[in-house]
Amino acid sequence: MTATVIDGKAFAATVREKVAGHVARLKEEHGITPGLAVVLVGEDPASQVYVRSKGKMTVEVGMNSWEHKLPAETSEADLLALIERLNADEAVHGILVQLPLPKHLDEDLVINAIAPAKDVDGFHISNVGLLGTGQKSMVPCTPLGCLMMLRDHHGSLSGMDAVVIGRSNIVGKPMAQLLLGDSCTVTIAHSRTKDLAQVVRRADIVVAAVGRPEMVPGDWIKPGATVIDVGINRIDAPEKGEGKSRLVGDVAYDSCAAVAGAITPVPGGVGPMTIACLLANTVTACCRANG
Ligand code: GUN
C-alpha cells in the first residue's frame, strides 16, 4: 500500500481563506478588527522564525498583529505587567507567549496570567479544565489542526483506536482529549511505555509527538492506519553537502508511507495547520468578546 498524503499546506490555506472571510465580515458589519499579540522573550532562533511567520500570516488574513520582543533577561514582574496591559486592551483579542521561556521565568505562572478568554494557545489551566470536561474552551492549535485533518480524511472517528505518542501539555495530552471527544479509544504512550511497537501496531490512528527524529518505523504501523506526524526535527544531511540540514518528522516517512493508509508529510503537514488554527482561535476569541 502507498499512503495518501494528507496535504496540510493546502488544507491550511483553505482554513486561512475562511478566516480572512470572517475577518472581512467582522470589519464590514461590526467595525471590529480581530487582533493578536505575540510575546517573545529572548532570541531563540526557532522561536524567532515561528513568531515572524505568525505575524506575517496574521496580517495576511486582515487582522491586527502586535509583536512584543523582550530581552532574554526580562524580569517576571515586567513580563506579567505586559500581560496585564494586553489583558486590559480591548483591541487585543488573542495573546500568545511563545514557549519555551528563559529558565528564570515560571512558565505556568506566566501562562496562567493571560486572561482565559484571550488565551488563543489554550494553555491556561481554565481552558485545560474546560477541554478535559468537554466544555467550550480555547483548544490548543497543534492538536486542533491534527483533529481537523483527521476529520477531513475520515469523516467520523467514532470507535477508532488512536495512539498518541508523547504526553506534553502542548500536544499529547490535549490531542488525547480531542480524540476522546470524537469517541476514539485512546492510548497515550510515552518514553516509559512497555513494548511501544505492539501498542502502536493496534492503532487505526497514530499521532507522533515526541520530538525524536524518525523514531517510528514502518513496521510499527498497522496496514492502512492514518499517521499524523507532529515532529519537526532538524538533522544533519551530509548528502546535501557541507553544513546542510533537513527537516524530518518523528516517523520514518518512507517506510511508514509504504504501510499506512494516509500520512502527513514534514514539512507541509501539521506545521501549517498550527498557525491556521491560531488565526481561527483569534477570530473565535474576538467573536466571543463581542457577543
Ligand atoms: N512553542 C512551541 N509550540 C508552541 C505553541 O503552540 N505555542 C506557544 N506559545 N509556544 C510554542
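The values are calculated or read from the model by the stated rules, or taken from the named source; none is laboratory data. Keep in mind that this is a model prediction, so the values were computed, not measured. We place every Cβ from the backbone using ideal geometry, glycine too, and count neighbours over all the protein chains shown.
Looking across Ala280, Ala197, Ala276, one residue alone is without any contact (Cβ under 8 Å) to a residue 24 or more places away in the chain, in a helix (DSSP H, G or I) and either under 14 Å from the mean Cα position of the chain (by Cα) or outside the structural domain of Ser53 (by TED's automatic domain parsing) (or both). It is Ala197.
The sole residue among Val270, Val251, Val266 that is surrounded by 20 or more Cβ atoms within 10 Å (Cβ to Cβ), within 16 Å of the ligand (Cβ to nearest atom) and without any contact (Cβ under 8 Å) to a residue 60 or more places away in the chain is Val266.
Residue-by-condition table, conditions (1) in contact with a helix residue (DSSP H, G or I) (Cβ under 6 Å, 6 or more places away or on another chain); (2) part of a helix (DSSP H, G or I); (3) within 11 Å of the ligand (Cβ to nearest atom); (4) closer than 17 Å to Asn281 by Cα:
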position	(1), (2), (3), (4)
Phe123	yes, no, yes, yes
Ser126	yes, yes, no, yes
Leu131	yes, yes, no, yes
Gln135	no, no, no, yes
Thr142	yes, yes, yes, yes
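For segment 214-229, state whether one or more residues are outside any loop (DSSP other than H, G, I, E, B) and either under 30 Å from Val59 (Cα atoms) or not assigned by TED's automatic domain parsing to the domain that holds Gly145 (or both). For segment 214-229, residues outside any loop (DSSP other than H, G, I, E, B) and either under 30 Å from Val59 (Cα atoms) or not assigned by TED's automatic domain parsing to the domain that holds Gly145 (or both): present.
Just one of the listed residues (Val210, Val283) is touching a His at 6+ places or on another chain (Cβ under 7 Å) and either of a type outside the set (Gly, Ala, Ser) or surrounded by fewer than 20 Cβ atoms within 10 Å (Cβ to Cβ) (or both), and it is Val283. If you go through segment 60-88 and pick out every residue that is farther than 24 Å from Thr274 by Cα and either touching a residue at least 40 places away in the same chain (Cβ under 8 Å) or within 14 Å of the ligand (Cβ to nearest atom) (or both), you end up with 2.
Where residues in segment 6-59 are part of a strand (DSSP E or B) and not β-branched (Val, Ile, Thr), which of them is farthest from the ligand (Cβ to nearest atom)? Only one residue fits best here, namely Gly35. Residues in segment 254-273 that are more than 20 Å from the chain's Cα centre (by Cα) and part of a helix (DSSP H, G or I): 4 in all.
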